[in-house]
Amino acid sequence: MSAQVPIAAYLILAAVLFSIGVAAFLIKRNLISIFMSIELMLNAVNLTLVAFAHMWHQVSGQIFVFFVMVVAAAEAAVGLAIIIAIFRTRETLNVDSVDLMKS
Amino acid sequence: MIDSLTQFLNEHWDVIISLVKIALLVFIVLTVNAYLTWFERKVVAHMQSRWGPHRVGPHGLLQPAADGLKFLLKEDPTPAGVDKFTYYLAPLMALALALTSIAIIPFGPDPIVVFGHKIYLGIVDLNIGLLALFAITALSVYGVALAGWSSNSKYPLLGGLRSSAQMVSYELALTMSVVGVLLMAGSFSLRDIINVQAIHADRGLFAWNVFPQILGFICFFTAAVAETNRVPFDLPEAESELVAGFHTEYSSFKFAMFFIAEYTSMITVSSLCAIMFFGGWLSPFPATWTFTHYLPSLILIPFGLWVIWDGIRYETIFGRIVLPGIGTVITVIGAVLIAFPFINEFIQGPFWLLGKIFFFLFVYVWMRGTLPRFRYDQLMAFGWKFLLPLAMANIIATSLIMALRG
Amino acid sequence: MQLALFMIFGGLAVLAALNLLLQRHPINSALSLVVVMMSLAVLYWSLGAEFLAAAQVIVYSGAIMVFFVFVIMLLNAGEEERTTGSRAAYIVGFPGAAAIFCLLSFVFLSERNAFGSSNVGGYLNHVTSNISEVSSLLFTKLLLPFEVTSVLILVAILGAVVLARKEQ
């Protein structure tokens, strides 16, 4: 009952989630999946911030996370609206097919 | 061996008691659900001048058992082309979330003391209890949306989308309408909310939160009815409009899971109304009127005697055996409460809370039998353009008054 | 007990994140991301941030991910196909992610003694609850960022409505 978890364990877990998010961002071809991997990266950073807030006994780390959540919500709204607009014109969600600006 | 067993029990007392409480509560909630369907059918039928179920068992009391048996034994087809994982996940999620929300509700103020250990009535008392309940409400949108989409059919998809849009819209009004209560209580814990109302328990009925927060109560109850997809907000699952909405393609036990989830969320909402606005386990009489403590017995004994009298003259032999038996049990419970004042004091809190929950469930069923349903655009306009500004006005008014009072 | 919580929910988060990476249909990735977020909510709770845990479930899993699921349902684009671009992505993606992970874990592990250990529930038995602490800081010293974020949300709502509207 008194086995304590070192803070470094939470940080390593956040690093694992972040790198899985980076891998998913680079590998996936569906626009929405790429967007979800961005959310995964944001969550990993949130975990880091909460772990540090716990370590320093400051609550401003948690407020930082609160603001990150709010900004992520706003970004998700606008991003998904853009994705819907893209789907309406291109009829596909594959990133390899929406490269019209390339020569 | 006995020594090591008792030692093990004493060390892990909390976990064992929690497991026992969870099992008991799940069993009780599922039984209450079943008899809530019986109650609804009987009340709606009597409001429509007909009998309702009265053949299966005395007064139709075995109808829920027959329904349960039907759900278990019916054929369970899986339509072609469904997304298998989400098709099976959706009713599971709906039921799991609905049953989880019962864990946070406190059912009585005093603990039972067994072998020196205190057992509180209620599985857990979170200090963010109300926020956790809203979290569970927010997640229950998934059950509906995934059910509608995975069914690979037009009516469920439309019903699911409409229903989830409705739930998300009314969630805002729901969470904002209770902010007034939270400002007055100063805490998210449900026990604290009742204890703040208990400070002026000598005023009895008028200490309850519903009088200062009448606007909040109306907003909360309306938004909660919309959240649970009940009449008059049940267009997404109405039979005449959309076949059966998001659970069209579900049959037998999976449909029963959605059904149980809906009735369980009705019970949760009724408990929340009772706890937050109507004083929870507080009696409507002032606390100094101790003679009102005999009210439970005063209700139970005549009711038990009436059940016995009705049972003796019942038409079937089975009814003539079972009903007087039930009546005797009820009368004996009432007599025990008079004979043992210790148990009587303990039972006061849960009695009033269960009475209030029963009253709100009756209001739910009453609305089902009386009101016509909203059209979808009327429903959304009502949620966004009327309820949400009303809830915000309630917050502003409450905080202004509290700030001016100092 | 905190070790058990951490191992179970940390493992669940990593498995769900891997599932997000490996699934082809975006709806399964979305549901895996919901599992990640709920496991993270439990981990926040164990670190003493109970308000954040509830906010994570209400805002992130209960609103943002519902939005993702809606868009996936409505657009109904189906599973993703393997194209030539994805071959190149494999060559860059996995080593890049592995490099980032190695860098981060090296930094964290080399400082692990300075970080110390965590407390179960983390100082949740204070006189003031976690919500009181958060709100007393949020509404006094950090009031300006709070109001700015509300303007940000308003801008995002307007932007989303304009972008997703059908052309008349």
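The values are calculated or read from the model by the stated rules, or taken from the named source; none is laboratory data. Just so it is clear, the model here is predicted, and its values are computed rather than measured. So basically every Cβ, Gly included, is an ideal-geometry build from the backbone, and we count neighbours across all protein chains shown. Surface accessibility is based on the protein's heavy atoms, side chains included, excluding ligands, DNA and RNA. Shrake-Rupley method; radii C 1.70, N 1.55, O 1.52, S 1.80 Å.
Sort through B:Leu174, B:Leu182, B:Leu157 and tell me the only one that's on the phi < 0 side of the Ramachandran plot, crowded, with 24+ Cβ neighbours inside 10 Å and either within 11 Å of chain C (Cβ to nearest Cβ) or within 21 Å of the chain's Cα centre (by Cα) (or both).
Of B:Leu174, B:Leu182, B:Leu157, the one residue that is on the phi < 0 side of the Ramachandran plot, crowded, with 24+ Cβ neighbours inside 10 Å and either within 11 Å of chain C (Cβ to nearest Cβ) or within 21 Å of the chain's Cα centre (by Cα) (or both) is B:Leu174.
Residue under question is A:Ile32, and the condition is that it be in contact (Cβ under 8 Å) with a residue 60 or more places away in the chain, open to solvent by less than 10 Å² (accessible area, probe 1.4 Å) and either not in a helix (DSSP H, G or I) or not basic (Lys, Arg) (or both); does it hold?
Values: in contact (Cβ under 8 Å) with a residue 60 or more places away in the chain: yes; open to solvent by less than 10 Å² (accessible area, probe 1.4 Å): yes; either not in a helix (DSSP H, G or I) or not basic (Lys, Arg) (or both): yes.
Criteria met by A:Ile32.
Kindly indicate the residue of segment A:35-54 that is in contact with a Phe, Trp or Tyr (Cβ under 6 Å, 6 or more places away or on another chain) and among the hydrophobic types (A, V, I, L, M, F, W, C) and also farthest from C:Ala49 (Cα to Cα) among those meeting that condition.
A:Met41
If you scan segment B:63-92, which residues turn out to be among the hydrophobic types (A, V, I, L, M, F, W, C) and in a helix (DSSP H, G or I)?
B:Ala65, B:Ala66, B:Leu69, B:Phe71, B:Leu72, B:Leu73, B:Phe85, B:Leu89, B:Ala90, B:Leu92
Any residue at all in segment B:29-49 that is part of a loop (DSSP other than H, G, I, E, B), out of contact with any helix residue (DSSP H, G or I) (no Cβ under 8 Å at 6 or more places or on another chain) and exposed (fewer than 14 other Cβ atoms within 10 Å of the Cβ)?
The answer is yes; a qualifying residue exists.
Here are the criteria: (1) open to solvent by 10 Å² or more (accessible area, probe 1.4 Å); (2) more than 17 Å from C:Met65 (Cβ to Cβ); (3) aliphatic (A, V, I, L, M). Tell me which single one A:Leu11 does not satisfy.
Every condition holds for A:Leu11 apart from (1).
For segment C:101-114, indicate whether the set of residues that are assigned to a helix (DSSP H, G or I), among the β-branched types (Val, Ile, Thr) and at pLDDT 80 or above is non-empty.
yes
Test B:Ile347 against the criterion of being within 30 Å of B:Leu131 (Cα to Cα) and of a type in the set (A, V, I, L, M), and give yes or no.
Working: within 30 Å of B:Leu131 (Cα to Cα): yes; of a type in the set (A, V, I, L, M): yes.
Yes.
Go through the residues of segment B:131-138 one by one and say whether even a single one is farther than 25 Å from C:Val57 by Cβ and open to solvent by 30 Å² or more (accessible area, probe 1.4 Å).
There is no residue in segment B:131-138 that is farther than 25 Å from C:Val57 by Cβ and open to solvent by 30 Å² or more (accessible area, probe 1.4 Å).
Checking the condition open to solvent by 60 Å² or more (accessible area, probe 1.4 Å), modelled with pLDDT under 90 and over 22 Å from the mean Cα position of the chain (by Cα), which residue from C:Asn125, C:Asn119 passes? Even if it seems obvious, please write down each step before you answer.
Values: C:Asn119 fails: open to solvent by 60 Å² or more (accessible area, probe 1.4 Å).
After ruling out the rest, the residue left standing is C:Asn125.
Give all pairs with beta carbons closer than 9 Å in which a residue from segment B:289-315 that is within 23 Å of B:His59 (Cβ to Cβ) meets a residue that is open to solvent by 100 Å² or more (accessible area, probe 1.4 Å); count only pairs at least 6 apart in sequence or on separate chains.
B:Gly311/B:Arg320; B:Gly311/B:Ile321; B:Ile312/B:Arg320; B:Arg313/B:Arg320; B:Tyr314/B:Arg320
Tell me, which residue of segment B:186-198 that is open to solvent by 20 Å² or more (accessible area, probe 1.4 Å) and either at pLDDT 90 or above or within 26 Å of C:Val134 (Cβ to Cβ) (or both) is nearest to the chain's Cα centre (by Cα)?
Within segment B:186-198, the first condition is being open to solvent by 20 Å² or more (accessible area, probe 1.4 Å), and the residues that meet it are B:186-188, B:191-192, B:195-196, B:198.
Narrowing further to those that are either at pLDDT 90 or above or within 26 Å of C:Val134 (Cβ to Cβ) (or both): B:186-188, B:191-192, B:195-196.
Numbers: B:Gly186: 25, B:Ser187: 22, B:Phe188: 19, B:Arg191: 17, B:Asp192: 20, B:Asn195: 21, B:Val196: 23 Å.
Restricting to residues being open to solvent by 20 Å² or more (accessible area, probe 1.4 Å) and either at pLDDT 90 or above or within 26 Å of C:Val134 (Cβ to Cβ) (or both), the top hit is B:Arg191.
Collect the residues in segment C:1-36 that are at the interface with chain A (Cβ under 8 Å from one of its Cβ atoms), open to solvent by less than 50 Å² (accessible area, probe 1.4 Å) and farther than 11 Å from A:Met36 by Cβ, keeping them in residue-number order. Before the answer, list the steps.
Filtering segment C:1-36 for residues at the interface with chain A (Cβ under 8 Å from one of its Cβ atoms) gives C:1-3, C:6, C:10, C:13-14, C:17-18, C:20-21, C:26, C:29-30, C:33, C:36.
Still in the running and open to solvent by less than 50 Å² (accessible area, probe 1.4 Å): C:2, C:6, C:10, C:13-14, C:17, C:20-21, C:26, C:29-30, C:33, C:36.
The answer is C:Gln2, C:Phe6, C:Gly10, C:Ala13, C:Val14.
If you check every pair at least six apart or on different chains, which have Cβ atoms under 8 Å apart with a residue in segment B:353-382 that is more than 24 Å from B:Gln48 (Cβ to Cβ) first and a residue that is outside any helix (DSSP H, G or I) and open to solvent by 80 Å² or more (accessible area, probe 1.4 Å) second?
That search, which allows pairs on different chains as well, returns nothing.
Failed condition for A:Glu75, given (1) touching a Leu at 6+ places or on another chain (Cβ under 9 Å); (2) surrounded by fewer than 16 Cβ atoms within 10 Å (Cβ to Cβ); (3) among the acidic types (Asp, Glu), with all others met?
That leaves (2) as the condition not met.
List every residue pair whose Cβ atoms sit under 7 Å apart, with the two residues 6 or more apart in sequence or on different chains, where the first one lies in segment C:119-141 and is facing chain A (nearest Cβ under 7 Å) and more than 10 Å from A:Gln62 (Cβ to Cβ) and the second, anywhere, is assigned to a loop (DSSP other than H, G, I, E, B) and modelled with pLDDT of 60 or more.
The qualifying pairs are C:Gly122/C:Leu47; C:Gly122/C:Gly48; C:Tyr123/A:His57; C:Tyr123/C:Gly48.
Given the condition over 21 Å from A:Ala77 (Cα atoms), assigned by TED's automatic domain parsing to the domain that holds C:Leu31, at pLDDT 90 or above and open to solvent by 10 Å² or more (accessible area, probe 1.4 Å), answer yes or no: does some residue in segment C:66-78 qualify?
no
Please pick out the residue among A:Val50, A:Val22, A:Val5 that is more than 19 Å from C:Pro26 (Cα to Cα), at pLDDT 90 or above and at the interface with another protein chain (Cβ under 7 Å from one of its Cβ atoms).
A:Val50
So is B:Phe382 among the aromatic types (Phe, Trp, Tyr), crowded, with 18+ Cβ neighbours inside 10 Å and either over 25 Å from B:Leu182 (Cβ atoms) or under 26 Å from the mean Cα position of the chain (by Cα) (or both) or not?
Judged against the criteria, B:Phe382 is a match.
Having 1 or more residues that are basic (Lys, Arg) is the bar; report the helices (runs of 4 or more DSSP H) wholly within segment B:130-203 that clear it.
Details: elements: B:154-177, B:179-185, B:190-198.
Those helices (runs of 4 or more DSSP H) span B:154-177, B:190-198.
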